[in-house]
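If you scroll down you'll find the structure; I have some questions about it.
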Amino acid sequence: MKTIPAPGLARKLRIYAAVIAALLLFATPAGATEASINWLRPSGGPYPLIKPQARLWIKVSLGEQKVFIVEGKSVVYTMVASTGLDSPADDRTPRGVFYVQRERGLSFYSAKVGEGGRYWVSWLGHGTYLFHSVPIDRHGKIIEAEARKLGRKASHGCIRLTLADARWIYEHIPEGTKVVIGP
């Protein structure tokens, strides 16, 4: 016996399949945000206008994998980040209260770990622990496999950001800014 579909049913099924495919493409499971992050652009939309006298500080949430730019008690901007892996212990991002140090630069490369970053700003160890962009290779090219991990723990202890977010911190966060890293 041959089944004849109802008029318009095939079209409705194609539309339904397209909607489901789009939802699956843009849906992200808890903790996985890579599908929606462009590692070249600001991760939290347009940056806020910061007054010269603003007293900013930075809160890093290891659980949320986010960096919050805070003025007083108000979050003025949120960035998606990747902090250190839980193991080995050397790759963990230190917890505590720190202050942005004088060391900063346009780019670096570590032959030891085979990657570097752009727009780096030190917050511990005078160049050991940094805010910086998603990783680059020895030629300065973004390592896409690592960049896709943004929003999940992935670094060797530093705090990875989109290229634009790292540049914003490099250009707007002065030495002495408080950095609070916790759960």
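Enumerate by residue number the GluC sites (Glu not before Pro) in the range 77-179 meeting two conditions: DSSP loop (anything except H, G, I, E, B), and at most 16 other Cβ atoms within 10 Å of the site's Cβ. Walk me through the numbers on the way to the answer.
On the way: sites: E103, E115, E144, E146, E171, E175; in loops: E103, E175.
Filter output for the range 77-179: E103, E175.
Do any of K149/K178; K66/K141; K59/K141; K112/K178; K73/K153; K51/K73 go past 21 Å between their Cα atoms, and which?
Details: K149/K178 26 Å; K66/K141 24 Å; K59/K141 29 Å; K112/K178 29 Å; K73/K153 26 Å; K51/K73 16 Å.
Flagged as over cut-off: K149/K178; K66/K141; K59/K141; K112/K178; K73/K153.
Would you pull out the residues with amide H under 5 Å of G157's amide H, same chain only if 5 or more places away, H placed 1.01 Å from N?
Here G84, L85 satisfy the definition.
Can you compute the FRET efficiency between L49 and R167 using 1/(1 + (r/R0)^6), with r the Cβ-Cβ distance and R0 = 22 Å? Round to the nearest 0.05.
On the way: r = 16 Å, r/R0 = 0.75.
Efficiency for this residue pair is about 0.85.
If you take the beta carbon distance between E103 and R148 as r and set R0 to 35 Å, what does 1/(1 + (r/R0)^6) give as a FRET efficiency, to the nearest 0.05?
Given R0 = 35 Å and the Cβ-Cβ separation, E is 0.80.
Read-outs: derived from the displayed coordinates by stated rules, not from any lab. Remember, it's a predicted structure, so these values are computed and weren't measured experimentally. Note that each Cβ is placed from the backbone with ideal geometry, even for glycine, and that neighbours are counted across all protein chains shown.
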